[in-house]
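Undergrad: Got a structure here, written out as structure tokens. Questions coming.
Where a number appears in this text, it was derived from the coordinates with a stated rule and is not lab data. Predicted model, so just to flag it, every value in this text is computed and none were measured. Please note: Cβ atoms are built from the backbone with ideal geometry, for glycine as well, and neighbour counts cover all protein chains shown.
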Amino acid sequence: MQGQLQGLGPFRLTHILGEGEYAIVYEATREGDGLIARPSALKVLREQWVGDTAIVDAFSARAAAALPIVDPSVVQVRAIGDVDGRPWVELERVEGVALADLLPKKGVARWNDITASTVLDGLLRALSAAAKASPGLTHGRVDASNILIDVDGDIRVHSFGAPAEPQADLLSIARLAQRLCKSWPEAVDGWIDLIQSHDATVPDVTAAHEAFPGETALAGKRALARSVKRLLKKRAEALAEDADAPKSGSVAAPKAAAVATREPVASVPARAQTKREPPNVDAAARQARWLAWACAAILAVALVVEVVSFGPS
């Protein structure tokens, strides 16, 4: 992995932003060409798939299809290319987190309907912008992992271009909507049912966006921004802890080490570290016997003296 981080073509790779089955996304900086260095997100096909023509072609085709989309709600594709047959996509670097990281693994998010509507409105805006591009484009993979929320609470969508019918995106939006809010207003519930029903009044995402009855407000955007900043702070703290942790191969010192520095463990006999050494029983017995003999001898001497004292004068 360290070798991969040295560079790829015109890019200097900094660190990994994310990994998937088919690609790795790095933070990268384009070098040379007299350009002002700016961070990008570089999506690179994994080496193991380079020999698979179908996967390489699909990866490159999706990237090329997204090039014409220019909208604040879409993560911009800046350039595409390949190095030794390994394709890459240079993307706009967004400071934020995936929606998937903010949603519970099971169940429904605790957001109110205004915050959840802010997410849906941003998603619909991005999909509508792609549909209006030339040529028009569906997403084909709408899910929480392809939706970013930046530090300002704005929605940014990426990974467009998978072949799909417009109705497939609508069904994915409906499923996502049910994860975003526990209790939608009646009007939004009716809209969710409508976009799942293949109704002719909402044939595509543009019509669905125009019909969306959800209420959005600055408060929803601020709530999303707070959630993003909290998660980024936790991640930064975790990275700092990892940096301070002992390196691989070293032995972590236990909490009791502070005591050991005042009283080195090596200076204490091994058995004494766990319990006090019991007294020597044999030595105590010998001392008792010598004391008994001494007492007996004293008594014998005293008896002789007494006999002599009361003898004939």
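Undergrad: Which whole-number percent is the relative contact order of segment 96-238 (Cα, under 8 Å, 6+ apart)?
TA: 37
Undergrad: Determine, for each peptide in 161-168, 195-202, the mean count of other beta carbons within 10 angstrom over its residues, then list the peptides with the highest first.
TA: Ranked from most to least packed, the peptides come out as 161-168, 195-202.
Undergrad: Find, to one decimal place in angstroms, the Kirkwood hydrodynamic radius of segment 171-240, where the mean of 1/r is taken over every pair of different Cα atoms and then inverted.
TA: It is 14.3 Å.
Undergrad: Where the eigenvalues come from the Cα gyration tensor of segment 4-92, what are the semi-axes √(5λ) of the equivalent ellipsoid, largest first, in whole Å?
TA: Semi-axes from the Cα gyration tensor: 19, 17, 12 Å.
Undergrad: In the neighborhood of Arg86, defined by Cβ-to-Cβ distances under 9 Å, what is the net charge if each Lys or Arg adds +1 and each Asp or Glu adds -1?
TA: Spelling it out: positives minus negatives among the neighbours equals -2.
Undergrad: Grab the Cα-Cα distance for Leu218 and Arg78, subtract it from 0.36 nm times how many residues apart they are, and report the gain in nm with one decimal.
TA: My answer for the length gained is 47.4 nm.
Undergrad: For segment 5-157, take the alpha-carbon Rg, divide it by the Kirkwood Rh, and send me Rg/Rh.
TA: Ratio value, two decimals: 0.98.
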